[in-house]
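The block underneath contains the structure these notes are about, expressed in structure tokens.
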Amino acid sequence: MEVHPFPKTTGGRRKPTQARAIASRAAIVDGAKHLLSDQGVAEFSMRKLAQTSGVGLGTIYDYFPSWTDIVRVLLEERFALRREILALTLKDISSEDGLAVFVPAYLKRLSRKGFWQRYDSQLRAAAYAEPALAQLFESQEDQIAQSYVKEMRHAGSKWADAALLQMAQANMSVSQMLAENTDRKPEEQDLQLIMVANMILANLKMALRPLKTN
């Protein structure tokens, strides 16, 4: 199955080239993350972003003509980090270690990078507020799922791509259970991570066996 590239982001009216300009743009992006995490998408505004980031409103509009442009950058950055974590985990975990080591290690790395926190839920809500951003979000999730398909094929699964893709999407949905885990005690969070890892592991092991059709 062909994976289509992400829609291009405009990144705003102008690109920063000088050190000070690059720092200003980084402060805007960082401020947007804090604003989404602390106040949520419903309270997000360019004026509040200026207060949070410490960057003038006019400068913000120079780089990001609308909040949509900011959210697009946040989405691309977030999914790039997820793909990076997947690649690093695949590199660090040898094939001899197997899925039983890889799955919990991958989930733990995602958790340590703040995935499934309020920021992710608010970023998702922001994406689905605009059709173009929703399309980008779904395109990026599809690429993550395609990565699962590729790795399961490499591991020897004989399932059809469509069946592997369905399994990958199911595993991504299962992992969202960890979003309900953030207010619990550390030991409870660890227990739920193990439970989610075991559910995902069971699906992956099943995908390495012949798919029965009758």
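The values are calculated or read from the model by the stated rules, or taken from the named source; none is laboratory data. All figures in this text were calculated on a predicted structure; none of them were measured in a lab. Quick reminder, even Gly has a Cβ in these numbers, built from the backbone with ideal geometry, and neighbours come from all protein chains shown.
Would you mind finding the one in 202, 179, 125, 163 that is under 17 Å from the mean Cα position of the chain (by Cα), of a type outside the set (Asp, Glu), surrounded by fewer than 18 Cβ atoms within 10 Å (Cβ to Cβ) and more than 18 Å from residue 110 (Cβ to Cβ)?
Answer to the check: 125.
Any idea how many residues of the stretch 158-191 are more than 15 Å from residue 141 (Cα to Cα) and at pLDDT 85 or above?
The qualifying residues number 7.
Does any residue of the stretch 180-193 turn out to be hydrophobic (A, V, I, L, M, F, W, C), in contact (Cβ under 8 Å) with a residue 12 or more places away in the chain and over 24 Å from residue 67 (Cβ atoms)?
yes
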